[in-house]
Every structure is written in C-alpha cells, then in structure tokens.
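Presented below is the structure to which this report refers.
The values are calculated or read from the model by the stated rules, or taken from the named source; none is laboratory data. These numbers come from a predicted model, not from an experiment. Here Cβ is always computed from backbone atoms with ideal geometry, including for glycine, and neighbour counts include all displayed protein chains. For accessibility, only protein heavy atoms count, side chains too; no ligands or nucleic acids. Shrake-Rupley method; radii C 1.70, N 1.55, O 1.52, S 1.80 Å.
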Protein chains: 2
Amino acid sequence: MRLRHVLLVLIAERPHTGYDVTQRMQKTMSMIWSAHHSQIYPELAAMEADGLLTCEAGAGPGPREKKTYTVTEAGRHELRIWLGSPYQPRAPKDELVLRAFAAASADPAELAAVYEEETRQIEGRLARYATIRAEVEESGHTDDPTRPEFGHLLSLLHGIAVAEARLVWCRDTVRRLRAADLVR
Amino acid sequence: MRLRHVLLVLIAERPHTGYDVTQRMQKTMSMIWSAHHSQIYPELAAMEADGLLTCEAGAGPGPREKKTYTVTEAGRHELRIWLGSPYQPRAPKDELVLRAFAAASADPAELAAVYEEETRQIEGRLARYATIRAEVEESGHTDDPTRPEFGHLLSLLHGIAVAEARLVWCRDTVRRLRAADLVR
DNA sequence: TGTTGCATGTAAGGGGTTACATGATTGA
DNA sequence: TCAATCATGTAACCCCTTACATGCAACA
C-alpha cells in the first residue's frame, strides 16, 4: 500500500484531481516517486471508498466528470501514523550497479560507454535540480516546517546529494574500465 | 525480464544451484539486488527451457533432486548484449525521501527519530561494507577486469559512496527537523 | 486539419512478496 | 529433541507497466 501514502501526501497539501497528481509525479516529483494514471485513478476511488478522501465531482472537459479529491480527518490520521512508523527499506534494485558487478562478462570499452552516457544524464539532472532548488528557496518558506516547501527542499537535497555521489562513482568507473581496456 | 539478467550474471561466474543464488542475494549481493527463492526457482526452469542455462541434476538432501545450473553459449551471448545495451533508469521509489517530502504533515520530533534510527542503520551497513571491501581487495584480483572481483569491487564502491551521501543527508535532515521542532 | 492539453477510465500481463509444503542431515 | 542448514517447489495476492479507449477545447 505504498502508492496510497504518496497520494495522501500530495492531496494533504491541497486538493488534487487524478490528473494533477499524475502531472506532479511526472514533473517536479519524479526524483521521489512516479506512477501512471492507470494506477492512480483506481487507487483514488479505493481511498474514497475507505474514507481517506472525499470527492467533489463537476463537469469535465471530456465525456466523464472531473473529480477533485480532498483528504479527510481519517486520511490525515493515517498519514501521521505512517510518518512516525519505523522505516523498512526495500532491497535496492539498480541495473546500473548490476552491470558494474558483471564487468568480467562485459566488453570493457562498451561498458565504459554506458557509464559515460550516464554521467551526461546525471549532469543534466543536477542542472534541473539546481533550477528547482532556486525556485523553492525563492519561496522563502523553506525554514517553516508547517509549509510544504520545507519538505520539498529536504527531498530535493537528497536527490542532489545522491546524484553527486553517483556522478563521482560513474566517472571513477569509466576510468577503471578504460584502464582495464588498455591492459587487455 | 530483469531477474533473468541477475541470474545470468551470477551463474556466468561459476555454476550455481537455486539455493546458492538465493544465499548470495541475501548476503553479499544484498546492496545490489535481492529475490526470494519462490521467484528464483521458476525463473531458472524458464531459462533452461529457453536454452540460456543447462542443468545437471543429482541426489539432493530432501525429497527432490538438487539441480546445478551452468550458462550456455546462448546465455553468455544474451549477457553480453544486455551489458552493452542502453541503460534506462527506473523511477526511484524511496519511502525515506517521501517522508521527508511530507514533513509538513508530520510531527517533527517523531520524524527526526525515524532519520536518527536510519543514520544508525547506515553506519552499521558501512561497517559491513568495509569488511567486505577488505576481503575483496585481499584477493588481489581487483585490477584484473577478467576476474569477478573487479566488478564486485566496483559495485561495492557504489554502495559505499551512496551510503555515505545518504548518511550526511540523514544527519542534516535530523538537524533541520530538530531546529523546526524548537521553533514550534 | 492536425496536434497538444485536459480529463477519466479498463484490461492484460509482468514482476515481486508472503505463505504453504516437504524432508534429510548436522550440531547443540 | 529441538533448531538450523541444505534443498526445491506451488499458490495467492499485491503492485506496476503497457496498451486500449473516449472526447472536448485551444492553437497552429
């Protein structure tokens, strides 16, 4: 039931439609979580049935109604319980690291190219994070723990820290693989 | 088809039984990947059916035969193809970061306790990584790209780098949450 | 007139976790 | 005698991705 908590977090900030949630996941929230609308719409309906959300329906642009969801008191309670509960990490499943693990079965030059491309990707991501960070900090609410921006900055700082660590690792990996390729 | 590649990587090093693979995932490989035996046994059977593995069966300790799998030439080919193919990252889904994102809906002191516990967990993990690193480096094969230890060290260095970055972030997050709690 | 954005839904299938199930050997 | 280790399998269920499906409004 992890998506349920993601949806509670977002809708607790302010009311959202399923479409709004989908957009936020694809854009600003993409370094934390993502989900497809095909997963979001049924879950929102289930959460309403369970009393965590209420729904206000109105005329929509298409053939169906547009539904705006709001968190109920029961929903806020569930959210607080979850936020204080012990954290149980999932096993990391990282294909990039798996490939490094398998280096002995690879062509070093080919594998080095994969990590070189990844350094470029991470550099781009870091640039985007820097832009978002400037926007969030400009809001002036990042020291107020009752404001969403406080938490947004925290998660952004995580994204930046981990991306930087991976960037250094990727560069070192390219260097080691190139050295290995010369020896060969 | 991601588990398939993990199994190819491990069995390409040397023949494994399903039990061997399960053990390695739970122990030394846990920072890269993990899977339960209920997923591994059927996948090994499917890979044999697809010609990526061959299987040698003998008397086992229990009611069923013990099966040792070896990678075929087709399996090694598939592995090389995958290692050189473009990397497409999955969306990160990190509950710890999601909680930070939701800080505005949390009790700051309670949330700080969650991150304090996580710093302790990471410190323990880093100590275990250091032990494994010493063992791998002692083997003396970490500069030879044809040896499994070369790749093992690379992935271990990733685990260490990311764990250290997260540790710094966790400590900073505790500090920010405690400061917020005082203001409140 | 064709594409993008808004807005909501269903269906099929892949991947993963938890639980159920069996049974021999070794060591405390 | 009780627990752990070795060893393999199935079944139910949950979560997620990909693809199918509809239709209006605005803009180029």
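Taking into account only those residues within the range A:79-95 that are open to solvent by 50 Å² or more (accessible area, probe 1.4 Å) and in a loop (DSSP other than H, G, I, E, B), which is farthest from DNA strand D (Cβ to nearest atom)?
A:PRO86
Considering B:LEU126, B:LEU98, B:LEU156, B:LEU111, which residue is touching a residue at least 12 places away in the same chain (Cβ under 8 Å), at the interface with chain A (Cβ under 7 Å from one of its Cβ atoms) and either open to solvent by less than 60 Å² (accessible area, probe 1.4 Å) or under 23 Å from A:LEU96 (Cα atoms) (or both)?
Answer to the selection: B:LEU111.
Determine if the range B:110-120 includes at least one residue that is modelled with pLDDT of 95 or more and within 30 Å of A:TYR115 (Cα to Cα).
So far as the range B:110-120 goes, yes, one or more of its residues are modelled with pLDDT of 95 or more and within 30 Å of A:TYR115 (Cα to Cα).
Output the number of residues of the range A:1-22 satisfying the condition of being within 14 Å of DNA strand D (Cβ to nearest atom) and assigned to a loop (DSSP other than H, G, I, E, B).
Residues that pass the stated criteria total 1.
Scan the range A:159-176 and give yes if some residue there is open to solvent by 80 Å² or more (accessible area, probe 1.4 Å), within 26 Å of B:ASP172 (Cβ to Cβ), among the β-branched types (Val, Ile, Thr) and part of a helix (DSSP H, G or I), otherwise no.
The answer is yes, given that some residue of the range A:159-176 is open to solvent by 80 Å² or more (accessible area, probe 1.4 Å), within 26 Å of B:ASP172 (Cβ to Cβ), among the β-branched types (Val, Ile, Thr) and part of a helix (DSSP H, G or I).
Look at B:VAL168 and say whether it is among the β-branched types (Val, Ile, Thr) and touching a helix residue (DSSP H, G or I) at 6+ places or on another chain (Cβ under 7 Å).
The answer is yes for B:VAL168.
With the structure loaded, tell me whether A:LEU83 is out of contact with any Phe, Trp or Tyr (no Cβ under 7 Å at 6 or more places or on another chain), modelled with pLDDT of 95 or more and at negative phi or whether it fails that test.
yes
Among the numbered criteria (1) at pLDDT below 95; (2) more than 27 Å from A:THR22 (Cα to Cα), which single criterion is violated by A:ARG176?
(1)
Do we have any residue at all in the range A:89-102 that's in contact with a helix residue (DSSP H, G or I) (Cβ under 8 Å, 6 or more places away or on another chain), more than 20 Å from B:ALA163 (Cα to Cα) and not assigned by TED's automatic domain parsing to the domain that holds A:LEU7?
Checked against the condition, which is being in contact with a helix residue (DSSP H, G or I) (Cβ under 8 Å, 6 or more places away or on another chain), more than 20 Å from B:ALA163 (Cα to Cα) and not assigned by TED's automatic domain parsing to the domain that holds A:LEU7, the range A:89-102 yields at least one hit.
Anything in the range A:23-45 that is within 10 Å of DNA strand C (Cβ to nearest atom) and small (Gly, Ala, Ser)? List them, or say none.
Residues satisfying the conditions are A:SER38, A:ALA45.
Within the range B:30-78, restricting attention to residues that are more than 14 Å from chain A (Cβ to nearest Cβ), in a loop (DSSP other than H, G, I, E, B) and more than 8 Å from DNA strand D (Cβ to nearest atom), which residue is surrounded by the fewest Cβ atoms within 10 Å (Cβ to Cβ)?
Among them, the one singled out is B:ALA59.
Would you check if B:MET25 is away from DNA strand D (no atom under 11 Å from the Cβ), open to solvent by 80 Å² or more (accessible area, probe 1.4 Å) and within 17 Å of the chain's Cα centre (by Cα)?
No.
Taking into account only those residues within the range A:12-22 that are near DNA strand C (Cβ under 7 Å from one of its atoms) and open to solvent by 50 Å² or more (accessible area, probe 1.4 Å), which is nearest to A:GLY159 (Cα to Cα)?
A:ASP20
Condition test on A:ASP144, is it surrounded by fewer than 21 Cβ atoms within 10 Å (Cβ to Cβ) and under 30 Å from B:SER105 (Cα atoms)?
Yes: the conditions hold for A:ASP144.
Could you say whether any residue in the range B:56-75 is in contact (Cβ under 8 Å) with a residue 12 or more places away in the chain, closer than 30 Å to B:GLY159 by Cβ and within 12 Å of DNA strand C (Cβ to nearest atom)?
No, the conditions are met nowhere in the range B:56-75.
Quick one: what pairs do we get from the range A:10-26, first residue away from chain B (no Cβ under 14 Å), second within 11 Å of DNA strand D (Cβ to nearest atom) and at pLDDT 95 or above, C-beta under 7 Å, 6+ apart or different chains?
A:THR17/A:LYS66; A:GLY18/A:HIS37; A:GLY18/A:ILE40; A:GLY18/A:TYR41
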